[in-house]
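Right, I'll just put the structure down here and ask away after.
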Amino acid sequence: MLKKTSVVIGVASFLFFLTTLPVSQAVSIKGSAASFLEWPLVLSKETAAFVTDLYRFRQNARENRALKTRLAEIDSKAFDSRELALENARLTKLLGLVPPQSLSFKRLIHSRVIGRSPSAWNRVFLIDKGTKDGVKMNRVVLSDFSLVGKIVESGPSVSKVLLMQDPNFRIGVLVQRTRQEGVLTGSLSGRCAIRYLSKDEEIKIGDEVETAGFGGLFPKGVRVGKIVRVRKDAGQNYQEAELEPFADPGRAEEVTCAGS
Amino acid sequence: MRGVLAFAVIFFLFLIQNAAGFIFFGQDLPLVLLGVLFYALSRGPVFGLALGGAAGGLLEVFGVGRIGYESAIFGGIGFLAGLAAQKVFRDSLWTQILLPVIALYLVTFFNLGNHAFGLSLVREAFLPRDLLITAILSPFVFQILKRFS
């Protein structure tokens, strides 16, 4: 009985001690543990990917056909866009305006997703690149050049990406058409909401949203998603919008860390 | 030896849970939690505490910020389930359905304490869908684990 009690007290004390560790030490321990677990996680992910490929075979074939049609449409639009870009360049030069800086990243680090959090409390990915590969904290993470999340912890060979669907995720965004600024947040249900949008302008369903680049921590102009619902509460100074991200974290198997 | 096997099974369940995250994204299958409950019911509170602490430690890999919170929650649940073993029958279907649901809600409740507490968060946290999936999955997982232990 005494032995059992001492085991309980010992384990409980150890767990309590762990919770009192400073965040920097905790991050370091978790980084090392994640590196140690990298190969088992890769193995389980590859098995899941194989099963998913079989399971989604028909769906992928349908999607392939739809994407081919869409690609033809986009080719046609790209031709028009090139015409407009040339015209814009001519007019910019004529008026003596400073041309806007296009979105460019100094370094892109491509990596595989090796683990996904099983809990809604931590919507995170583990990726197989770490500090050894140049991945640093607060780098934006993209899938198909759209925002997926940001790096929150980085170990030697594994890093942790906080997804934009996580309730703790915050990033400044703006509505491309109206230039209204807001704060993008995730939620436990996985929906993304944009808060603190001014009521001055009408936001339409389908409006596209990009990163605002406030504070210089994150780059400006990264595609985020499109508005699917707008909510205006009487008596509130701001309106709120629900956003559907362009990048689907459920399908993302490879992601890109971007450093500006 | 059987104790080591339990830790190995929990590690295996952790890998399956990770794989399931790729197949059914957005839906959590609480396999590790079910494993902890099964072994805690089988082997008592002390083993439940140790196994729960280790299982939570594995899940900490996905956590952001401080360490030990998930271990403490899972350890506590393992301990409580071990204590409950004196009162409930592990092979009863009611135990296999109700205990995991209660445990899942305890995990959710304690995780709420780690976030900014708000009514909307509480509403989002307690999803009937999670409850239903846990209740359906649990008897199957218990049966499989019973064969392997």
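The values are calculated or read from the model by the stated rules, or taken from the named source; none is laboratory data. Quick caveat: nothing in here was measured; it's all calculated off a predicted structure. Virtual Cβ from ideal backbone geometry, glycine too; neighbours counted across all protein chains shown.
Could you run through the range B:66-96 and say how many residues are part of a helix (DSSP H, G or I) and more than 9 Å from chain A (Cβ to nearest Cβ)?
Counting residues in the range B:66-96 that are part of a helix (DSSP H, G or I) and more than 9 Å from chain A (Cβ to nearest Cβ) gives 13.
May I ask you to list the residues in the range B:59-74 that are on the phi > 0 side of the Ramachandran plot and crowded, with 22+ Cβ neighbours inside 10 Å?
Keep residues of the range B:59-74 that are on the phi > 0 side of the Ramachandran plot, which gives B:65, B:68.
Across the range B:59-74, the qualifying residue is only B:G68.
Here's a follow-up. Filter the helices (runs of 4 or more DSSP H) completely within the range B:1-65 down to those with at least 1 residues that are facing chain A (nearest Cβ under 7 Å), touching a Lys or Arg at 6+ places or on another chain (Cβ under 8 Å) and under 19 Å from A:F14 (Cβ atoms).
So the answer is B:45-59.
I'm checking my understanding of the structure. Among residues of the range A:150-164 that are small (G, A, S) and not in a strand (DSSP E or B), which one is surrounded by the fewest Cβ atoms within 10 Å (Cβ to Cβ)? I'd like the intermediate steps shown before the answer.
Going through the range A:150-164, the residues small (G, A, S) turn out to be A:154-155, A:157, A:159.
Narrowing the set further to residues that are not in a strand (DSSP E or B) leaves A:155, A:157.
Values: A:G155: 24, A:S157: 19.
Looking at residues that are small (G, A, S) and not in a strand (DSSP E or B), I get A:S157.
Out of all the residues in the range A:203-241, which are modelled with pLDDT of 85 or more, of a type in the set (G, A, S) and within 17 Å of A:T185 (Cα to Cα)?
Within the range A:203-241, A:A212, A:G225, A:A241 meet the criteria.
For residues that are loosely packed, with under 10 Cβ neighbours inside 10 Å, in contact with a helix residue (DSSP H, G or I) (Cβ under 7 Å, 6 or more places away or on another chain) and modelled with pLDDT of 80 or more, tally how many sit in the range A:88-109.
So the answer is 0.
Just name the residue that is modelled with the lowest pLDDT out of those in the range B:125-149 that are among the charged types (D, E, K, R) and farther than 16 Å from B:L99 by Cα.
Filtering first and then ranking leaves B:R129.
Among the strands (runs of 3 or more DSSP E) confined wholly to the range A:192-260, which include 2 or more residues that are among the β-branched types (V, I, T) and touching a residue at least 24 places away in the same chain (Cβ under 8 Å)?
By residue number, A:208-211, A:223-232, A:254-259.
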